[in-house]
Amino acid sequence: MTNGSPENTASLLVGKVRFHWKEEVIRIALFLCAILSVATTLSIVVVLATEAFTFFENVSLGEFLLGGRWTPLLVPRSFGVLPLVCGTLLIVAGAALIALPVGLATAVYLGEYAPDRVRSIVKPVLEVLAGIPTVVYGYFALTFVTPLIRSIFPSTQIFNAASASIVVSIMVLPMVASLCDDSLRAVPLSLRQGAYALGATSFEVTTRVVVPASLSGVVASFVLALSRAIGETMAVTLAAGATPRMTINPLESIQTMTAYIVQVSLGDTPAGSVEYQTIFAVAALLFTITLMMNVIAHRVLRRFREVYE
Amino acid sequence: MTPGNALRRHAIAKAFHFLCATVTWAGVALLGVLLFHVSYSGFMWLDGQFLSSFPSRFPEKAGLNSALWGTLWLITLTVAFSVPIGVAAAIYLEEYGGKGKLSRLIEVNIANLAGVPSIVYGILGLVVFVRFFGFGRSVLAGSLTMSLLILPVIIIASRESVRAVPGSIRQAAFALGATRWQVVRSHVLPSALPGILTGVILAMSRAIGETAPLIMIGALTYIAFVPNGPMDAFTALPIQIFNWASRPQQEFHQLAAAGIIVLLAVLLLMNAVAVFIRYRTEEGNK
């Protein structure tokens, strides 16, 4: 550092050889910051693997993955994770049913129909929706959506999968819409014009040309949204209940993988016990599922990206 | 093709247009419903007493004071940790990294990290920061966990902004004999700064709203004091909201709504700042 500040133009011209080591130090420091992300991933894997390993010394992997009863905090204990997986899938299926078509339709409207002025209103609104914290959606589900559902189906339980599903779908909707919008916009105008010139209607251009042409992007956005819905925590903790159950009735109370982890960490289960270790096993499963979906989505995006020139 | 057929096809197209538009505007309306519902429920609890009181069993005495200070501490430390590292990582990947295998690995890794559920970061923070490093359930452990969570967001936004700096600026500086770091420090970073700032603000608003990782590392809800240092226990806005919302009493639900109004006001303010910065830069570039 003896060579003066870089603002000093004169020293720039004279002392460039002796600057070299400083450049190297900076390069290495920047590199360490970049490699930190890899270290983060590795430590997630190591933490989950070692903690889950202690769990699987007590409970067999088969019992965990295939067992149909999840009562780790009650006697007799049972460690079958399927009810939690089932609950998660129920939420995700419901959210997908709403968010995927609506998100795609929004993207189509913004890309194919809406004038620029509408676009400039809707886009920021979607960004705001995407930025609302999940705990707010949980509150909304509990105090607005659930009473609404109960006024239609009075037998609905206070905590139910349906209201959680609905707010999770609102949460992932902006993500689907904006990712689909990006990939629809990548389809060149000439393809649309070609189809219109052949006499196709806007519906036909959209469903037979534009969406098929950007299918990989659309599918990838769906997968990313589903993975986000699987990992969603606060809304399902607040609204979906704490009853691990294998059901396909959305009006009943269920529990998801994430909500179970929160339940245990809020409770007074002693750290180190088998009951406590369950959260690491469940988290490992959650991490594996979401990671696989993310890797697949990014791969689809990269490998099957249609290149138009 | 009969004329009737053509009429039908155009009718379908019209209906499709109408459907897409309805669905989109329904999404916009939903935001309105949400905001109205929250403000309607929480409005009457929102006063000076609410902002200056500590949590309480009695709804009329309960307030957000410790949660506000906790969030302030948390965000300040999180920004202090994550912004320098995130920007440095982005600079490395864009300006130094090249197109080697390692850079590609880091890139894929960051994209995947951005999709890891936040609760998994909470577990990582619990095991590594709370237990292994022995930071306990402190502001420090919370902000380190939060930093890891928002790093991918900062890196991705900063990279885009650094990439958008025209190559001619770099070449001009190199031609004058500047070293790589001098080019980055004096030319690339200043040009990329508005974009980086926008990204940082968005990452901050993500961190302010995150609840699950803080619950995992054990941020408490009943904190009747303001944290004095990074090793103190803390609570945060979303944690307090979660706590109130999960109680059965109506009054606490209304308190939660009041808390949400405060939280959303903070977030909207930050978004407005981000939009303002973006607007200013676009004006400047014209």
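Here, each number is a calculation from the coordinates, and none is a lab measurement. These numbers come from a predicted model, not from an experiment. Positions of Cβ are generated from backbone atoms using ideal geometry, with glycine treated the same way; all protein chains shown enter the neighbour counts.
Extension gain, residue A:73-residue A:295: 0.36 nm per intervening residue step, less the Cα-Cα distance, totals 76.5 nm.
Structure remark: mean-square fluctuation, Gaussian network model of chain A, C-alpha springs under 10 Å; the largest value among A:259, A:99, A:197 belongs to A:197.
Inverting the pair-averaged 1/r between distinct Cα atoms of region B:3-45 gives 12.9 Å as its Kirkwood hydrodynamic radius. Of interest is the spacing of the C-alpha centroids, which for region A:227-295 and region A:23-44 amounts to 32 Å. Helical content of the protein assembly as shown, expressed as a calculated mean residue ellipticity at 222 nm, amounts to -23000 deg cm²/dmol (DSSP H runs of 4 or more residues, -39,500 (n - 2.57) each, divided by residue number, nearest 500). Here the ratio of the Cα radius of gyration of region A:198-249 to 2.2 N^0.38 Å is 1.88. Shown here for region B:1-66: trypsin sites (Lys or Arg not before Pro) in loop regions (DSSP other than H, G, I, E, B) with at most 14 other Cβ atoms within 10 Å, namely B:57. Treat region A:36-87 as a sphere of radius equal to its Kirkwood radius over Cα pairs and apply Stokes-Einstein at 25 °C in a medium of 0.890 mPa s; give the translational diffusion coefficient in µm²/s, rounded to a whole number. Once the numbers are plugged in, D ends up at 198 µm²/s.
For region B:1-148, the alpha carbon convex hull comes to 247 Å³ per residue, rounded to a whole number. If you wrap the Cα atoms of chain A in a convex hull and average its projected area over all directions, you get 25.3 nm². Grab the beta carbon distance between residue A:189 and residue B:9, set R0 = 25 Å, and tell me the FRET efficiency rounded to 0.05. Efficiency computed from Cβ-Cβ geometry: 0.70. GNM remark for chain B: springs join alpha carbons under 10 Å apart, and the peak mean-square fluctuation among B:111, B:203, B:141 falls on B:111.
Under the combined filter of DSSP loop state and at most 11 neighbouring Cβ atoms within 10 Å, region A:49-128 retains none of its trypsin sites (Lys or Arg not before Pro).
Counting every other Cβ atom within 10 Å of each residue's Cβ, B:232, B:47 order from fewest to most as B:47, B:232.
For residue A:22, the lysines whose Cα comes closer than 29 Å to its Cα, not counting residues fewer than 8 places off in the same chain, are B:99, B:101. Per-residue shielding of B:227-238, expressed as the average number of other chain Cβ atoms within 10 Å of the residue Cβ, stands at 1. Put the Cα centre of region B:16-87 next to the Cα centre of region A:52-68 and the gap is 40 Å.
Taking 0.36 nm per residue of separation and subtracting the Cα-Cα distance, full extension of the segment from residue B:168 to residue B:280 would add 38.0 nm. FRET efficiency for the residue A:93 to residue A:120 pair, using the beta carbon distance and R₀ = 30 Å, is estimated at 0.30.
Long hydrophobic helices in chain A: the complete DSSP H runs spanning 30 Å or more by Cα along their own axis with mean Kyte-Doolittle hydropathy of at least 1.0 are A:20-58, A:82-108, A:161-185, A:274-303. For the protein assembly as shown, the Kirkwood estimate of the hydrodynamic radius, built from every pair of different alpha carbons, is 25.9 Å.
Measuring how big region A:55-206 is from its alpha-carbon positions, Rg and Dmax come out at 21.7, 71 Å.
The convex hull around the C-alpha trace of region B:92-141, projected and averaged over every direction, spans 4.8 square nanometres. For residue B:61, the aspartates and glutamates whose Cα falls under 13 Å of its own Cα, not counting residues fewer than eight places away in the same chain, are B:47, B:251. Put a dot 7 Å past the Cα of residue A:182, heading toward its Cβ, do the same for residue A:50, and the two dots end up 3.6 nm apart. Ratio of Rg to Rh for region B:50-285: 1.05 [Cα atoms; Kirkwood radius as inverse mean 1/r over pairs]. Under a Gaussian network description of chain A, with springs only between Cα atoms under 10 Å, the residue in A:96, A:34, A:162 that fluctuates furthest is A:34. Hydrophobic, long helices, defined as DSSP H runs whose alpha-carbon span along the helix axis is 24 Å or greater and whose mean Kyte-Doolittle value is at least -0.5, occur in chain B at B:3-42, B:65-91, B:139-163, B:189-209, B:250-285.
Here the calculated FRET efficiency for residue B:22 and residue B:176, from their Cβ-Cβ distance with R0 = 60 Å, stands at 0.55, rounded to the nearest 0.05.
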